[in-house]
Amino acid sequence: MSEPVEPAKRYLIRTFGCQMNEHDSERIAGLFEADGMTAATDVDDADVVVLNTCCIRENADNKLYGTLGHLKSVKDRRPGMEIVVSGCLAQKDQEGIRERAPYVDLVFGTHNVHQATELLHRSRAEGPLTEILAETVADDHELFPSAMPAHREHGHTAWVTIQIGCDNSCAFCIVPAVRGGEISRPFDRLVHEVADLAAAGVTEVTLLGQNVNSYGRDLTLAARQAGDDVRVRPLFADLLRAVGAVEGIRRVRYTSPHPKDLRPETIAAMAETAAVCEHLHLPVQSGSDRVLAAMHRGYTAERYLEKLAAARAEIVDLAVTTDIIVGFPGETDHDFEQTLALAAAAEYDSAYSFIYSPRAGTEAAELVDRYVPADVIAARFDRLKVVLERSALAKHRDRIGRVEEVVVEGPSRKDPSVLTGRTRQNKLVHFASAEPLRVGTFAEVEVTDAAPHFLRGRLLEVTASARHRTRIPVAAG
Ligand code: SAH
Ligand code: SF4
Ligand code: F3S
């Protein structure tokens, strides 16, 4: 008599944080599926729940421990469920996670992703396990020869990770400590990947990395060390042109470029490649030269504004967005006034502002005697918000009367009778349509009204229907 066949285990991965974790989650899913597991739709029908965590700011940590608390109650009801914690917070807190949440079965770090299945089997056989490698042991493409590291948010758009890790050392930032140095994915492979996505009906790709402007420096350095006669240089501008030339790709976006490494070649590639969208997310962090120097950002406010002006001069109708940190240790009222002045001068289309969050292990976290009191930070944060919203509203009002190309993203979240689309400048537009339009449809919309965070419009005509299949299968490359 044959053994009864056990049903396949079902897994659920919840991803926090940025594209690097998304990238890893796809790889973990690929490894689990290769091991015979199938995807669950919900915690309640999952046998294995992976929380792929972020630790960029303190609220990211809090979110994880909140979610773990909830999972514990599920596990109390179903003791066979396995809880796995991976990602940046695992890399940072290591054994601390199981100390705070002893019911977690497996903790593994950002450099152990390729061992996900093996570690799960070990924890099943031997009991709870924490495994954290200090650095990547081999080449990304050796460890994952057949991974497909593109994330498909909607069928018509895809994220393509071009680089992992970061070689910078911004004083506030935990990323280099938990992710290691920059590794660029090979150029030809990325272009092929985008061509495969386009063949499956994807019309928009977003290239992702922590410092995309240095993309390829490590590849050219390695080629040179191997004896090739090449100049060590970033290849990002070339990549933008190559991806923009892929048949069927109508929109190319990217994030994030570091202002110190934003080069004229990149601006020229943006201006000259029709598919590259007129949107630049250029994180400034502060408008004070003193604070920028303490952060080790590598530019001054003046230099930043010069780069912005150069980009605006070359790229017609460029939208600009940014990230700003309020309350970096030692930030004075005067420093903050300079941030307000820069924010006003830069005339951002929109901005993310963050309250400084000390991250143990970073240089700035050591500056305890210079921490800015919470009430001072809160008041600054509110003042900055006023300046940022004023400039966003002015930018959006300028667009009233224009005809914009939008791509439909689906029904509006607040009012399902209205559709939401995204313009090339990355702005949301809400508009009515007599007929339902499929996600991914291209249409022309006249802007009729503006708010700080969105536009309203009137549908003029549909210009191209969506081409993607409803669900794009995860392909092996
Ligand atoms: N690599 C990107 C930033 C990635 S992190 C870049 O350099 O542009 C995204 C944003 O989080 C940063 O731009 C910064 O504004 C914010 N951030 C990072 N660490 C932070 C911290 N310790 N406290 C508050 N905000 C932080
Ligand atoms: Fe962090 Fe700076 Fe690297 Fe961005 S560039 S990930 S802020 S260290
Ligand atoms: Fe968070 Fe790690 Fe990304 S800390 S922002 S998930 S690199």
Practice task
Would you be able to say whether some residue in region 288-307 is touching a Leu at 6+ places or on another chain (Cβ under 6 Å), in the same structural domain as A199 (by TED's automatic domain parsing) and farther than 28 Å from A364 by Cβ?
Solution key: no
Fill in the blank from the handout: Picked from region 197-210 (must be over 18 Å from the mean Cα position of the chain (by Cα) and not in a helix (DSSP H, G or I)), the residue surrounded by the most Cβ atoms within 10 Å (Cβ to Cβ) is V202
Handout entry: Flag for F381 being of a type in the set (F, W, Y), more than 24 Å from the chain's Cα centre (by Cα) and in a helix (DSSP H, G or I)
Key = no
Practice task
State the number of residues belonging to region 215-227 that are buried (at least 22 other Cβ atoms within 10 Å of the Cβ) and more than 18 Å from V276 (Cα to Cα).
Solution key: 1
Practice task
Might you check whether a residue that is surrounded by 22 or more Cβ atoms within 10 Å (Cβ to Cβ), assigned to a loop (DSSP other than H, G, I, E, B) and of a type in the set (D, E, K, R) occurs anywhere in region 309-320?
Solution key: no
Exercise for the section: Kindly indicate whether L31 is assigned to a strand (DSSP E or B) and more than 16 Å from ligand 1 (Cβ to nearest atom). Expected result: no
Exercise for the section: State yes or no: is V386 in a strand (DSSP E or B) and modelled with pLDDT of 95 or more? Expected result: no
Practice task
Scan region 283-342 residue by residue and report those that are within 16 Å of ligand 1 (Cβ to nearest atom) and acidic (D, E).
Solution key: D323, E331, D335
Exercise for the section: Give the residue that is nearest to ligand 1 (Cβ to nearest atom), with candidates limited to residues of region 252-275 that are surrounded by fewer than 22 Cβ atoms within 10 Å (Cβ to Cβ) and assigned to a strand (DSSP E or B). Expected result: T255
Handout entry: Yes/no for V49 being on the phi < 0 side of the Ramachandran plot, in contact with a helix residue (DSSP H, G or I) (Cβ under 9 Å, 6 or more places away or on another chain) and within 16 Å of ligand 3 (Cβ to nearest atom)
Key = no
Handout entry: region 185-203 residues that are closer than 22 Å to V408 by Cα and among the β-branched types (V, I, T), paired with ones that are at pLDDT 95 or above and part of a helix (DSSP H, G or I) (beta carbon under 7 Å, 6 or more apart)
Key = V194/V243
Exercise for the section: Take D375 and decide whether it is in the same structural domain as A271 (by TED's automatic domain parsing) and over 30 Å from A199 (Cα atoms). Expected result: yes
Fill in the blank from the handout: Matching residues in region 94-125 (part of a helix (DSSP H, G or I) and either more than 22 Å from the chain's Cα centre (by Cα) or free of Cβ contacts under 8 Å to residues at least 12 places away in the same chain (or both)) number 17
Practice task
Go through the residues of region 327-338 one by one and say whether even a single one is within 25 Å of the chain's Cα centre (by Cα), surrounded by 17 or more Cβ atoms within 10 Å (Cβ to Cβ) and not hydroxyl-bearing (S, T, Y).
Solution key: yes
Practice task
Go through the residues of region 189-196 one by one and say whether even a single one is more than 15 Å from Y254 (Cβ to Cβ), within 16 Å of ligand 3 (Cβ to nearest atom) and surrounded by fewer than 22 Cβ atoms within 10 Å (Cβ to Cβ).
Solution key: no
Practice task
Look at region 284-297 and say how many of its residues are assigned to a loop (DSSP other than H, G, I, E, B) and in contact with a helix residue (DSSP H, G or I) (Cβ under 7 Å, 6 or more places away or on another chain).
Solution key: 5
Handout entry: Test for A138: is it modelled with pLDDT of 90 or more, more than 27 Å from A364 (Cα to Cα), not assigned by TED's automatic domain parsing to the domain that holds A158 and not acidic (D, E)
Key = no
Completion exercise
Of the residues in region 170-188 that are part of a helix (DSSP H, G or I), among the hydrophobic types (A, V, I, L, M, F, W, C) and surrounded by fewer than 21 Cβ atoms within 10 Å (Cβ to Cβ), the one that is farthest from ligand 1 (Cβ to nearest atom) is F187
Handout entry: Some residue of region 390-399 being surrounded by 20 or more Cβ atoms within 10 Å (Cβ to Cβ) and touching a residue at least 60 places away in the same chain (Cβ under 8 Å)
Key = yes
Problem - Selection within region 298-307 - of a type outside the set (F, W, Y) and either outside any helix (DSSP H, G or I) or within 22 Å of the chain's Cα centre (by Cα) (or both) - result: G298, T300
Practice task
Scan region 349-364 and give yes if some residue there is over 25 Å from the mean Cα position of the chain (by Cα) and either closer than 26 Å to A450 by Cβ or part of a loop (DSSP other than H, G, I, E, B) (or both), otherwise no.
Solution key: no
Handout entry: Unmet criterion (only one of (1) at pLDDT 95 or above; (2) more than 14 Å from ligand 2 (Cβ to nearest atom)) for I174
Key = (2)
Practice task
Inspect all residues belonging to region 379-386 and state whether any of them is within 16 Å of ligand 3 (Cβ to nearest atom) and buried (at least 18 other Cβ atoms within 10 Å of the Cβ).
Solution key: no
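The values are calculated or read from the model by the stated rules, or taken from the named source; none is laboratory data. Because the structure is a prediction, the values reported are computed rather than measured. Positions of Cβ are backbone-derived with ideal geometry, glycine not excepted, and every protein chain shown enters the neighbour counts.
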